[in-house]
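In what follows, a structure is listed as C-alpha cells, so that the remarks can point back to it.
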Amino acid sequence: MIIISRVAETSKVKKSAQPINALIVVDVQNCFINGNLSLLKASAGQNGAEVILIINNLIRTIPFDVIVYTQDWHPWNHISFFENLHVRRQYLAVKQQFKTKLFFDMNRLSLFWFITILIIKTIIISKVAETSKVKKSAQSVNALIVVDVQNCFINGNLSLLKASAGQDGAEVIPIINNLIRTIPFDVIVYTQDWHPSNHISFFENLHFRRQYLAGNQNRTIKVFDTVKYLGPKYKTKQVLWPVHCIQETEDAALHKDLDVISSSNRVIHIRKGTDPDIDNYSAFVHNQGIKNSELNKKLKEQNVTQVFIVGLATDYCVASTALDAFNLNYRTYIVQDATRDLGMFVFYSGQ
C-alpha cells in the first residue's frame, strides 16, 4: 500500500491528545515471497517482494513510535498443513472420507473475498500523490469518492443514529474535509441518492407494486424487509427503506458543512437511484448490474488509477461502490475513519 506520509500530522484531524502510532509489518517472510506459499503461485499472481521497498521507505521516513514484526511460526505437525490431514481425519465434523482439496475453507471464503476486494485502510494518509511515487513507475492518478454525505443519512429519515449501529454520520465530515484540504487528489467525486417520489426502494410505495412481488403477494411486509420484484421493468431484490433523498429536497442535499469544491474539470457529481424501477447503491452500477452510471467513463477520461472511498454508509453504498471499483480494475481503498455504518451489513455489487 503506497499511500502513507506524515502519520503523526494527519492523525490530528480532531484536536485530541497526541496519537502514538504503530506500524505492524505482517509476515514478510521467505515462505510467502519465494517459498511454498509464494504469492506468485496464488490466483492473483502478485509478487510479495514488491512490498519490501515500500515498507522500508515507511520505516525510514516516518517516525513510528512502535514497529511490530509478525511471523508465521508453526510446528511441523500444525493443524493448518494439508500434509497433516491424514493424522486428523478422525476429528473431522462431516463425513470423514470425503475428498478434501488444498486451500478449501468454505467457512472463511466470504470473509477472504470481502477483505481481498475492499483493502480497508485507516486514515493515516497525507500527500497521496507524493508517496505513491515510492517506485519510479507511471504516475498514479488519484480520485476521492465522497459517497452520500447527505442530510438524509445524518439527521433525516435514514439517519445512521437511528440504525442498529447507532453511529453519527456527521463525524465523517471533518475527516473528509481534512482529506480534501490537505491531499492533492486529481479528481473528487461527490455522489448523492437522488430518488423520484415513486421510487422502488420506498416502503411507502409497496402498495403500488404488490402485483409484481414474487411469492405470496398478500403477505405481511415490514419496513427494512427485503423483497423480490418481478417487474414492471426489471427482476430485482429490494430492501424497502423509508422515504428518503427525494430529488430537489433539503433531505437529499449534501450536508452544509461538507467541503464541496466548485465545479471544475476535476470535480464529478453522480446522482444515484434516479430510475423509479431500480435502486442504485453503487456509484458505478445499478443494483444487479442492470445499468451503468457515467462514473467509470468520467474517471477513465481523466486516467484515474486509484480510488479512495469515504462517506455513508459503509455496509451499503460505500461497500458497493468499492466492490465495483475493484471489479473495474481501480486500485481501491476505503478510508475507514471517514465512513460510518448502518449496522445491517448487506451490500450489492453491480458487477
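The values are calculated or read from the model by the stated rules, or taken from the named source; none is laboratory data. Treat the numbers as computed from the prediction; the structure is a model and nothing was measured. Quick reminder, even Gly has a Cβ in these numbers, built from the backbone with ideal geometry, and neighbours come from all protein chains shown. Side chains included, ligands, DNA and RNA excluded: accessible areas come from the protein's heavy atoms. Shrake-Rupley method; radii C 1.70, N 1.55, O 1.52, S 1.80 Å.
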Count - residues of the range 50-83 that are open to solvent by less than 70 Å² (accessible area, probe 1.4 Å), under 19 Å from Val28 (Cβ atoms) and either in a loop (DSSP other than H, G, I, E, B) or touching a residue at least 60 places away in the same chain (Cβ under 8 Å) (or both): 5
Whichever residue in the range 195-225 is of a type in the set (S, T, N, Q) and either touching a residue at least 24 places away in the same chain (Cβ under 8 Å) or in contact with a Phe, Trp or Tyr (Cβ under 8 Å, 6 or more places away or on another chain) (or both) and, among such residues, is least open to solvent (accessible area, probe 1.4 Å): Ser201
Out of curiosity, is Ala313 crowded, with 22+ Cβ neighbours inside 10 Å, in contact (Cβ under 8 Å) with a residue 60 or more places away in the chain and assigned by the TED database to the domain that holds Asp186? yes
Quick check on the range 282-310: of everything there that is open to solvent by 10 Å² or more (accessible area, probe 1.4 Å) and hydroxyl-bearing (Ser, Thr, Tyr), which residue is modelled with the lowest pLDDT? Ser293
Here are Ala163, Ala170: which of them is over 21 Å from Phe203 (Cα atoms) and surrounded by 19 or more Cβ atoms within 10 Å (Cβ to Cβ)? Ala170
Right, Thr236: hydroxyl-bearing (Ser, Thr, Tyr) and open to solvent by 60 Å² or more (accessible area, probe 1.4 Å) or not? no
Being part of a loop (DSSP other than H, G, I, E, B) and of a type in the set (D, E, K, R) is the filter here, so list the residues in the range 253-295 that pass it. Lys256, Asp257, Asp259, Arg266, Asp275, Asp277, Asp279, Lys291, Glu294
